[in-house]
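Accompanying notes for the structure given below.
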């Protein structure tokens with residue numbers, strides 16, 4: 001069900017929520033968190049809401065979408081409440097603020113009365129994020145701040161801002177997208193021979209914050225020289241190579257879909273390694289509400305990485321070995 | 001198992017995102033044409049692959065008496081995955097998984113077939129890099145265990161060397177009484193050491209069951225009242241609304257007590273009653289579970305504290321169903337019980353005097369599994385009797401399935417000018433939303449087998465102890481002249497089950 005409340009106020013929205021609960025009787029109360037989505041008014045809203053609804057099946061939550069409308073307009077708040085089938089396992093409140101209500105402070109003030117009592121607050125900027133999320137008006141309300149450097153207009157600049165302004169509680173989806181890579185690499189080192197990694201090489205697109213971040217993570221964890229080189233071809237992160245005395249462990253994904261893991265003395269193995277969708281990333285983010293120290297360390301580790309200039313050619317896509 | 005103290009530099013306890021992926025390994029399923037294999041195991045394996053939790057190069061080998069080539073087997077798995085998998089179908093994931101499929105035709109007494117299986121497994125180590133690590137899933141009747149175990153030993157498939165592991169997974173029933181369970185354990189342990197034996201009790205893979213431990217030991221709210229000072233009694237129910245059509249071969253002569261109480265219900269009792277383990281390591285958890293099972297015994301006299309029934313035909317939920325004795329394949333004079341209820345007590349300081357009522361049955365009112373902890377009445381009520389006429393006992397109910405969650409029942413004032421108190425319930429329904437995203441029990445259990453993580457699998461000590469608890473009931477029932485009491489399909493069991501509680505002034509909760 002979708003209820004529109006044009007030219008409204010947050011107390012009217014709250015009243016309507018209680019009314020819907022009493023008349024419908026279906027709204028679950030067992031919510032575990034409030035997710036605040038901050039975005040510009042436009043087409044991107046629906047994609048973000050869909051991702052949040054999908055994540056809400058794992059983490060029942062109240063979703064508040066703060067859509068900043070035209071700044072050069074008379075101040076007005078258009079609210080919309082979505083419950084039931086239109087909201088997954090969540091309830092969605094869309095707040096479209098115009099004029100002065102499109103400002104950050106006014107936006108945060110609209111969010112405060114709608115927050116669930118005593119439940120954690122997560123802020124998510126699916127598109128452009130503030131330079132310092134932890135000092136943003138909405139960011140100040142939240143325990144966890146999720147950004148996505150890759151969807152910013154200038155990913156590299158956004159990533160630089162993340163590195164410069166990181167505080168505990170911030171995470172970026174460029175980090176979440178690496179989880180399956182990190183898991184495969186860690187698992188490869190779990191098995192014998194248990195040798196130290198002497199050097200590592202990470203290759204990826206020139207503009208790929210995830211590639212930089214993975215190199216940073218390896219640099220911090222391995223205490224070895226880590227080199228980051230641009231790839232000749234291939235999207236995003238293309239390959240990782242960990243050198244060990246017995247030979248290198250290599251994970252190569254030339255086409256953005258299927259990876260090949262090779263280790264000395266073992267046959268090459270193919271592994272599905274598609275780029276993760278935003279809703280999967282969001283569900284993973286909401287699984288933990290404490291600061292991600294490993295991410296913080298990986299961001300700091302980017303400074304330790306050696307930069308290679310020469311583009312690296314990727315081995316041709318493995319043809320089903 | 002690992003001797004050298006090796007610390008993987010890429011792992012960190014604070015790094016909670018990193019899932020544990022199984023190391024290089026393969027799984028061999030015996031009885032791959034069965035229902036369980038198609039409806040649960042194959043979909044679970046695909047779902048694991050889709051979540052990225054299986055190792056690259058994972059191999060799945062089927063063994064059955066079918067004239068199939070590997071492609072035919074692949075087609076069977078494909079259909080099973082399409083129909084029953086929980087996660088969406090992705091071609092790239094499927095392609096990688098399907099590369100590791102193998103099929104070996106043959107019967108269990110055929111030496112050549114097992115030699116071919118051994119060659120296949122060895123070939124997988126070479127081509128797929130499974131590293132000599134293989135699990136054997138025996139999805140077959142227990143009568144076939146001895147011959148399969150013998151064959152695994154003879155062909156060298158069960159031999160483990162160095163860092164390599166071989167594990168065996170077995171399903172219930174783990175015997176039909178203490179003696180047969182011991183015999184079965186001896187046969188399996190003859191070939192596989194106990195730490196390589198994984199007994200699947202799929203209830204233990206369910207999120208809600210694991211949540212019992214979180215609920216009890218992570219909260220300050222419940223533990224202080226979790227004892228005989230406050231708890232009046234505990235009811236553990238597993239009810240099914242379906243009948244036994246088509247399952248005569250397995251069920252006739254076995255009955256509800258052996259099928260459900262011995263494993264699922266006594267395990268749920270152990271989780272409900274156990275003391276806090278020192279840590280959540282599998283050894284500590286088992287220690288506590290075995291302790292509580294050792295303290296559990298039946299309450300007598302058995303003719304008054306147990307009940308058994310058999311469903312009769314009738315209208316159930318708008319459908320005309322037949323009684324057990326008319327079901328295809330069952331002996332028309334069958335005395336197999338389809339409803340069983342027993343009374344246990346746990347002889348510890350915490351639980352002295354608190355009866356635990358366990359019941360299970362087929363063709364009952366609805367499908368539900370729950371643990372209900374019923375509390376004593378408040379010792380003094382400052383109300384007069386008319387004010388609290390409608391007030392029952394407080395209850396804390398863990399709904400295991402379906403609609404996973406927790407219900408609490410307590411008294412509340414009826415709105416109005418008079419002081420009247422009646423029962424209200426408060427539902428916590430984490431389940432309603434999280435089941436869709438939460439893994440199937442089999443996913444969790446198969447992954448734990450491949451990881452060698454034994455905490456969710458009962459050890460043979462638990463199995464044998466459970467039989468020891470239940471055996472006197474089975475003997476008593478077998479010795480009695482009268483058979484099980486008939487009960488109409490769709491009801492909550494025979495009258496004798498109500499009488500069993502009524503003798504102490506209690507009654508079953510309607511779940």
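Quick look at the numbers
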| read-out | value |
| --- | --- |
| Estimated inter-spin distance, residue A:119 and residue B:451, nm [label 7 Å along Cα→Cβ] | 2.8 nm |
| Estimated Rh, the protein assembly as shown: Kirkwood, alpha-carbon pairs, angstrom | 29.9 Å |
| Cβ neighbours within 10 Å from other chains - mean over B:125-132 | 3 |
| Helix axis angle, B:460-479 relative to chain B longest principal axis, alpha carbon, degrees | 60 degrees |
| Fraction of beta bridges assigned by DSSP in chain A that are antiparallel (%, nearest 5) | 45 percent |
| Contour excess over end-to-end distance, with Cα ends at residue B:499 and residue B:109 and 0.36 nm allotted per residue | 135.3 nm |
| Peptide-level mean, for A:181-194, of C-beta atoms on other protein chains within 10 Å | 6 |
| Nitroxide proxy distance, nm - points 7 Å out along Cα→Cβ at residue B:250 and residue B:480 | 2.6 nm |
| Paramagnetic label zone (point 7 Å from Cα along Cα-to-C-beta, residue B:419; backbone N under 20 Å) in region B:377-396 | B:377-394 |
| R0 of 25 Å, Cβ-Cβ distance residue B:39-residue B:92: FRET efficiency to nearest 0.05 | 0.55 |
| Length gained when the stretch residue A:2-residue A:300 is fully extended (0.36 nm per residue, less Cα-Cα span) | 102.8 nm |
| Burial order of peptide ranges B:53-62, B:485-494, B:216-225, B:77-86 (average beta-carbon count within 10 Å, highest first) | B:53-62, B:485-494, B:77-86, B:216-225 |
| Computed over region A:179-307, Cα set: Rg, Dmax in Å | 14.5, 41 |
| Euclidean distance of C-alpha centroids, region A:214-250 and region A:251-286, integer Å | 14 Å |
| Reduced Cα scattering model of chain A, Debye log10 I(q)/I(0), q = 0.08, 0.11, 0.14, 0.16 Å⁻¹ | -0.43, -0.74, -1.03, -1.23 |
| Residue list for region B:170-201, given a label point 7 angstrom along the Cα-to-Cβ vector of residue B:471 and an amide N cut-off under 12 Å | B:176-183 |
| Spacing of the two label points (7 Å from each Cα toward its C-beta) at residue A:112 and residue B:381, in nm | 4.6 nm |
| Most fluctuating residue given options A:265, A:216, A:234, as computed from a GNM of chain A linking Cα atoms under 10 Å | A:265 |
| Per-peptide average of other Cβ atoms within 10 Å, ordering B:179-187, B:150-158 highest first | B:150-158, B:179-187 |
| Relative packing of peptides B:345-355, B:288-298 - highest average C-beta neighbours within 10 Å first | B:288-298, B:345-355 |
| Helical contribution to [θ] at 222 nm, DSSP H n ≥ 4, -39,500 (n - 2.57), averaged over chain B, rounded to 500 | -9500 deg cm²/dmol |
| Angle in degrees between helix A:155-165 and the longest Cα principal axis of chain A, rounded to the nearest 10 | 80 degrees |
| Chain A: most fluctuating residue of A:179, A:211, A:147 per GNM, C-alpha cutoff 10 Å | A:179 |
| Cα-based helix-to-principal-axis angle, A:44-56 vs chain A, degrees rounded to 10 | 80 degrees |
| Computed [θ] at 222 nm, deg cm²/dmol, chain A (DSSP H ≥ 4; -39,500 (n - 2.57); rounded to nearest 500) | -9500 deg cm²/dmol |
| Within 10 Å of each Cβ in B:90-102, the average number of Cβ atoms from other chains | 3 |
| Cα centroid separation, region A:93-148 to region B:43-84 (Å) | 46 Å |
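Every number in this text was worked out from the coordinates using simple rules, so none of it is lab data. Quick caveat: nothing in here was measured; it's all calculated off a predicted structure. Cβ: placed from backbone, ideal geometry, glycine included. Neighbour counts: every protein chain shown.
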